[in-house]
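Worksheet: the structure to be examined is printed underneath.
The values are calculated or read from the model by the stated rules, or taken from the named source; none is laboratory data. Only a predicted model underlies this, so the values are computations on that prediction, with no experimental measurement involved. In this analysis, Cβ positions are derived from the backbone assuming ideal geometry, glycine residues included, and neighbour counts consider all displayed protein chains.
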Amino acid sequence: MASPAERYAAAAARNRRSRAELGRFTASLDFPLDDFQLRACEAVEEGKGVLVAAPTGAGKTVVGEFAVHLGLATGRKTFYTTPIKALSNQKYHDLVRRHGAEHVGLLTGDSSVNGEAPVVVMTTEVLRNMMYAGSSTLSGLGFVVMDEVHYLADRFRGAVWEEVIIHLPESVQVVSLSATVSNAEEFGAWLAQVRGNHEVVVSEHRPVPLFQHMLVGTTMFDLFAGNRVNPDLLHAIRGAEQRGRYVEDARRLGGAGGRRGGRGRRDRTPPRGPGGGGGGRGFARGSRPGGGATRAEVVADLDREGLLPAITFIFSRAGCEAAVGQLLAAGIRLVPDREGDRIRRLVEQRVEPLAEEDLGVLGYWDFLEGLGRGFAAHHAGMLPLFREIVEELFTEGRIRAVFATETLALGINMPARTVVLEKLVKYNGEAHVDITPAEYTQLTGRAGRRGIDVEGHAVVQWTRGMDPMAVGGLASTRTYPLRSSFRPTYNMAVNLVAQVGREVAREVLETSFAQFQADRSVVGLSTQLRKNAEALEGYAEAMHCDLGDFREYARIRRELGDAEKDGRRARAASRRAEAAVSLERLRVGDVIRIPAGRRAGWAVVVQPARTAKGTPTGPGVVTEDHQFRRLTLVDVPEPVEAQAHVTVPRQFNPKSPKSRRDLATSLRIATPRGLEDAPSRRHRTDPTAGDTELVDHLRRQLRDHPCHECPKREDHARWAERWWRLRRETTGLQRRVEGRTNTVARTFDRICEALESLGYLAERGTVVTERGERLRRLYSERDLLAAECLRHEVWKRLDAPGLAAALSALVHEPRHEEADVSPRMPTEDVAEAVHATERLWSRIEDLETEHDLPSTSVPDGGMAWMVHRWASGGRLEDVLRGQDMAAGDFVRRCKQLVDLLDQVADAAGDAELRRTARRAVDAVMRGVVAADRLD
């Protein structure tokens with residue numbers, strides 16, 4: 001019960017709010033603000049910057065919307081930044097509905113709507129570029145909302161967020177909206193250091209509680225029972241694993257054991273919380289032969305149990321499309337026929353800008369049929385317009401199931417009642433890896449719609465080898481640390497030098513969150529260094545010897561030990577080399593004795609050593625126990641020689657047990673008499689043989705040293721060993737401290753040195769040259785390479801389609817399986833331009849190696865032919881025929897290409913090249929590429 005004083009204070013606070021803009025803002029809402037929303041909005045109204053960290057769906061965007069309201073009310077501009085164009089488009093429409101189209105603009109690179117409006121929604125890169133260009137649009141700016149600010153951890157684009165935060169004028173209030181991160185206070189402390197008066201508001205409360213489940217076969221279990229993983233779930237998984245082993249055994253034996261499967265208890269009540277009984281809920285009437293429910297069965301049962309709408313995350317584009325096909329084949333319908341007809345009419349209106357001839361190659365007819373039945377796929381390989389349609393229909397509750405890759409979780413507002421994860425492993429472009437707690441939190445955070453659902457549900461489908469305890473760990477880790485990915489770039493360097501000079505630029509970069517985190521980590525290391533220094537003094541006293549300098553004696557002793565080790569390693573390496581040569585010399589039929597290990601004994605060579613794909617492979621042998629083995633240096637650490645010879649049949653098959661037995665019999669007959677039990681012939685070498693003059697010299701020094709005769713020599717030596725070990729540890733700590741101190745500024749210095757060597761900076765990196773001015777206008781990931789191509793006139797002779805094709809090498813990122821494929825070139829001129837680009841990249845790579853800088857990614861002409869065909873007016877079907885590229889990928893790359901062409905048109909010194917670049921923009925920006933532009 002609150003005291004009278006507390007009640008009075010609360011009433012006074014309410015009264016103040018009712019008179020302020022916050023009161024007018026809250027009165028316009030149809031829901032009351034939570035405490036964290038109130039605190040954050042009050043901080044904004046007080047003129048402070050604010051960091052709001054809260055779970056997905058908690059309503060943190062309300063704080064950003066209040067900043068928009070306050071900006072309009074006080075006559076100050078507001079920029080609302082988002083990480084991706086789709087989210088910018090979505091936010092633009094939201095704000096237009098609230099404030100009217102005349103007050104809201106949109107800038108996303110390929111869309112420009114009312115850019116001088118008092119409220120402008122934009123991607124973060126657009127704001128960064130405006131700041132470097134000194135755009136007049138920045139005048140009168142009062143608020144910047146940075147939605148999804150935790151994106152600054154993104155290793156490819158995260159630096160942009162820090163650039164904006166650091167370089168915005170001090171008068172601008174920054175409202176940062178973040179997922180819940182475990183180091184929000186650290187991030188807030190950095191914001192306060194860089195931006196001044198800043199408040200951190202953290203909420204870990206989900207307004208819609210999230211309940212975790214696992215689907216085992218066709219039965220759904222609560223993941224938790226109380227504070228532990230559900231015992232019934234563990235029991236069910238053990239049973240499923242046993243049935244799986246039975247099925248495998250039966251299949252190997254030709255049986256039909258796969259039909260074994262349990263029936264789960266049917267309980268139509270949705271599970272209510274982590275401790276809600278622990279039992280399982282049957283989803284289907286029996287298990288499939290594989291032991292799990294089909295996608296159609298899972299969706300149908302989610303529908304029956306009242307758990308739709310649902311998003312099923314499948315970490316594969318093909319898997320998402322296959323899921324839609326499976327539901328179509330199963331006749332699944334999740335919406336009434338009349339609603340399906342309305343959806344079809346809406347979709348047909350939205351795709352009117354597309355050429356009818358392109359619809360087939362875009363997979364439109366299955367897409368339309370699935371939407372009409374209430375389900376769809378969502379992934380980056382789809383046409384952006386198709387993704388937008390799915391997002392709109394799902395957000396409005398008109399379709400009930402979406403099969404998506406993890407890209408859907410990146411900020412798009414698409415909450416659901418249930419989220420299903422088919423796997424907890426995804427391909428990251430290089431390998432299949434477990435998803436992280438951060439990714440799990442982001443994906444499952446979509447479950448539970450505020451104001452609609454009383455609870456959300458996260459369902460993980462169990463697969464063989466999945467550990468429920470690990471799933472419990474993922475589900476329990478609700479926060480994760482935010483780590484900076486900031487690093488200076490070539491474009492950033494020339495822009496900073498041009499605007500504030502090199503010295504000030506260096507100081508500015510030292511204020512980055514990356515350096516802030518590095519400096520904080522140094523504090524603990526410095527404390528350890530002080531402790532180590534004290535211990536080293538103590539060890540030095542303990543090893544003191546009256547006869548001489550024991551530290552010097554210990555140094556000689558250590559150098560001697562190291563030299564002897566080096567000698568032993570050299571001799572061992574020599575023996576291994578001799579052994580490798582001896583294996584290469586063996587021929588088919590040679591009888592050898594394997595000296596040691598599990599395969600010790602006699603063997604006959606049946607396959608010679610060979611080299612395949614650059615990797616040497618040892619000879620194949622058949623042993624006395626008629627087994628086929630391939631020898632390695634582990635089996636034969638010493639050189640081997642043929643002791644006898646047997647005839648190996650020309651058609652000998654090492655996979656045939658009979659052939660191996662027959663040969664083993666011949667081997668036993670051919671084994672040289674008297675050698676059956678003889679020890680293997682090893683090279684007996686003197687352990688001191690081959691010692692260098694250095695070893696002899698150090699031994700003499702050691703014997704002649706005064707401390708060598710000390711009666712307490714070994715006691716002193718023990719303390720000396722401790723001293724050396726701690727000294728080595730301390731040296732490593734010092735290197736770590738030095739490596740983390742001023743790391744960002746030192747990288748900037750190396751970039752400036754590299755740029756000066758190429759003529760982009762002059763006068764010791766303090767002046768931006770004409771070349772550098774061109775580089776200032778190039779913002780692509782391969783910015784320096786683009787500038788070098790301009791400098792060397794690589795693109796001068798090309799027409800518009802050729803220029804677009806050649807520049808595509810700077811935006812295309814091949815998928816892993818494409819990396820080694822030689823690209824198809826449309827013309828000789830384009831081929832020469834791409835090859836010239838590759839040669840320039842090679843020089844840049846050498847320069848980056850020389851200056852210890854991260855490598856610029858390799859240019860790739862893998863889509864040059866497609867871009868040339870498209871820019872020449874080709875049909876989409878013809879462009880994509882026979883190509884391993886989805887329509888959505890092609891459109892996305894073309895939009896990136898248009899951005900780069902715009903930059904080249906702005907940066908080029910040659911008037912004809914500028915005109916060609918603008919013609920190329922028009923040639924590429926047509927049809928499906930331009931279909932989702934907001935005009």
Could you grab me the full set of residues in region 185-219 that are in a strand (DSSP E or B) and aliphatic (A, V, I, L, M)? Val200, Val201, Val202, Leu210, Met214, Leu215, Val216
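So that you can scan it fast, the table gives a plain yes or no per residue for (1) of a type in the set (Ser, Thr, Tyr); (2) more than 30 Å from Pro706 (Cβ to Cβ):
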position: Leu474; (1), (2): no, yes
position: Tyr480; (1), (2): yes, yes
position: Arg530; (1), (2): no, yes
position: Gly548; (1), (2): no, no
I'm trying to understand the selection: among the residues of region 24-34, which are touching a residue at least 40 places away in the same chain (Cβ under 8 Å) and either in a helix (DSSP H, G or I) or outside the structural domain of Ala73 (by TED's automatic domain parsing) (or both)? Arg24, Phe25
Looking at Asp922, Asp910, can you tell me which residue is modelled with pLDDT under 90, farther than 22 Å from Pro859 by Cα and assigned by TED's automatic domain parsing to the domain that holds Leu798? Asp910
So, in region 743-762, how many residues would count as being closer than 16 Å to Ile844 by Cβ and either in a loop (DSSP other than H, G, I, E, B) or among the charged types (D, E, K, R) (or both)? 6
If you scan region 366-386, which residues turn out to be at pLDDT 90 or above, touching a strand residue (DSSP E or B) at 6+ places or on another chain (Cβ under 8 Å) and over 12 Å from Arg333 (Cβ atoms)? Phe367, Ala376, Ala377, His378
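Of these, Met122, Met131, which one is modelled with pLDDT of 85 or more and outside any strand (DSSP E or B)?
Values: Met122 fails: outside any strand (DSSP E or B).
Selected residue: Met131, the only one of Met122, Met131 that is modelled with pLDDT of 85 or more and outside any strand (DSSP E or B).
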For Lys655, which of the numbered conditions (1) in contact with a helix residue (DSSP H, G or I) (Cβ under 7 Å, 6 or more places away or on another chain); (2) exposed (fewer than 14 other Cβ atoms within 10 Å of the Cβ) fails to hold? (1)
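Consider region 788-798. How many of its residues are outside any helix (DSSP H, G or I) and in contact with a Lys or Arg (Cβ under 8 Å, 6 or more places away or on another chain)? Spell out how you get there, then give the answer.
Start the filter on region 788-798 by keeping residues that are outside any helix (DSSP H, G or I), which leaves 792-798.
From the residues that got through so far, the ones that are in contact with a Lys or Arg (Cβ under 8 Å, 6 or more places away or on another chain) too are none.
Summing the residues that are outside any helix (DSSP H, G or I) and in contact with a Lys or Arg (Cβ under 8 Å, 6 or more places away or on another chain) in region 788-798 gives 0.
Would you check if Lys613 is surrounded by fewer than 17 Cβ atoms within 10 Å (Cβ to Cβ), at pLDDT 85 or above and more than 30 Å from Ala563 (Cα to Cα)?
No: the conditions fail for Lys613.
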Any chance Arg557 is closer than 30 Å to Ala717 by Cβ, at pLDDT below 85 and surrounded by 14 or more Cβ atoms within 10 Å (Cβ to Cβ): yes
Qualifying positions in region 744-772 - closer than 22 Å to Phe486 by Cα, of a type outside the set (Gly, Ala, Ser) and either touching a residue at least 60 places away in the same chain (Cβ under 8 Å) or in contact with a Ser or Thr (Cβ under 9 Å, 6 or more places away or on another chain) (or both): Val744, Thr747, Phe748, Asp749, Arg750, Ile751, Cys752, Glu753, Leu755
Could you tell me which residue of region 137-187 is farthest from Val44 (Cα to Cα), considering only residues that are over 23 Å from the mean Cα position of the chain (by Cα) and of a type in the set (Gly, Ala, Ser)? Ser139
Residues being buried (at least 19 other Cβ atoms within 10 Å of the Cβ) and either out of contact with any Leu (no Cβ under 9 Å at 6 or more places or on another chain) or more than 15 Å from Val471 (Cβ to Cβ) (or both) - total across region 225-239: 2
Quick check on region 587-609: of everything there that is more than 14 Å from Leu667 (Cα to Cα) and out of contact with any Gly (no Cβ under 9 Å at 6 or more places or on another chain), which residue is modelled with the highest pLDDT? Arg587
Inside region 877-929, can you point out the residues that are under 30 Å from the mean Cα position of the chain (by Cα), more than 16 Å from Ser808 (Cβ to Cβ) and surrounded by fewer than 17 Cβ atoms within 10 Å (Cβ to Cβ)? Gly882
What do you reckon, is Trp865 crowded, with 21+ Cβ neighbours inside 10 Å, of a type in the set (Phe, Trp, Tyr) and either closer than 16 Å to Ala806 by Cα or at pLDDT below 90 (or both)? no
Qualifying residues in region 574-593 (those that are within 12 Å of Val604 (Cα to Cα) and of a type in the set (Val, Ile, Thr)) - the one farthest from the chain's Cα centre (by Cα): Val591
Name the pairs whose Cβ atoms lie under 7 Å apart, with the first residue in region 843-859 and at positive phi, the second at pLDDT 90 or above and not in a loop (DSSP other than H, G, I, E, B), and 6 or more positions between them or separate chains? Asp852/Arg750
Looking at Arg926, Arg893, Arg914, which is the one that is without any contact (Cβ under 8 Å) to a residue 12 or more places away in the chain and closer than 20 Å to Leu385 by Cα? Arg926
I'd like the residue in region 740-765 that is farther than 14 Å from Met492 by Cα and in contact with a helix residue (DSSP H, G or I) (Cβ under 6 Å, 6 or more places away or on another chain) and, out of all such residues, is surrounded by the most Cβ atoms within 10 Å (Cβ to Cβ). Thr743
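Can you pull out every residue in region 134-143 that is in a helix (DSSP H, G or I) and either hydrophobic (A, V, I, L, M, F, W, C) or farther than 19 Å from Gln499 by Cα (or both)? Outline the logic, then answer.
The initial filter retains those residues of region 134-143 that are in a helix (DSSP H, G or I), namely 136-138.
Hit for region 134-143 is Leu138, nothing else.
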Any idea which of Ile332, Ile389 is outside any strand (DSSP E or B), within 24 Å of Val879 (Cβ to Cβ), outside the structural domain of Ala300 (by TED's automatic domain parsing) and modelled with pLDDT of 85 or more? Ile389
Please return the ranges of strands (runs of 3 or more DSSP E) entirely within region 572-628 where 1 or more residues are without any contact (Cβ under 8 Å) to a residue 60 or more places away in the chain, of a type in the set (A, V, I, L, M) and farther than 26 Å from Arg661 by Cα. 610-612
